[in-house]
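The structure appears below as structure tokens.
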Amino acid sequence: MRLLFACLIGLVLLIPLMMVKGLVADRQQQAQTARDAITSGWGGSQVLAGPVLVVPFRTTQVENVTDNGKPVTRVSEVEKLVYISPVYNEVHTTISPEARSKSIYRTVVFTAQVNGHTTFNLPKDLAHFSVTRSLLIGSVVLFIALAGTMYATRRIDWSAPPGDQAGTDEAFAA
């Protein structure tokens, strides 16, 4: 009889225990919803990749084809790209945390300011690939990937490194 009474009390006590467990789960879900609402305008994790200098150039392409049974050589001018990695890359990042709240829930969001200096050298073996400075097209692109970015502002200052002349084959700095 005592065992039955003890089991009955244990079962009755499971009711408030399950109610508290449900309340805790509900509060956790509300907290996550509040955090998501606060950070929705800020984005998730951020990845900064690069830089890579993309230099377009023109080259001639010779193609041997058969036209009406006769071998024909066609010469055409095509545009290709050279991807140049930096020889020197220095990055300084300043992260500013900011506490945000909604109702009773708080979370921290971050703003980052990234500054740096990068030096690119044109590869010495460009001639091996039939690329000369005279074939380079003027629209050089500095490629920096910002994965997961909600808002980004950018300012790029182009200058030659100390001791070099701007526009030479040896170096470009960004």
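The figures follow:
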read-out: Mean Cβ count within 10 Å, highest first, over the residues of peptides 101-109, 51-59; value: 51-59, 101-109
read-out: Distance between modelled label sites at Val91 and Val140, nm, 7 Å Cα→Cβ extension; value: 2.1
read-out: At 0.692 mPa s and 37 °C, Stokes diffusion of the stretch 1-137 via Kirkwood alpha-carbon radius, µm² per second; value: 143
read-out: Nitroxide proxy distance, nm - points 7 Å out along Cα→Cβ at Thr33 and Lys102; value: 1.0
read-out: Which of Gln29, Pro56, Thr93, positive extreme of dipole for the stretch 22-108 (C-beta unit charges); value: Gln29
read-out: Reachable lysines from Lys124, criterion Cα separation under 28 angstrom, eight or more residues apart if same chain; value: Lys80
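Values in this text are rule-based calculations from the coordinates and carry no lab data. For clarity, every value in this text was computed on a predicted model and none was experimentally measured. Cβ atoms come from the backbone with ideal geometry, glycine included; neighbour counts cover every protein chain shown.
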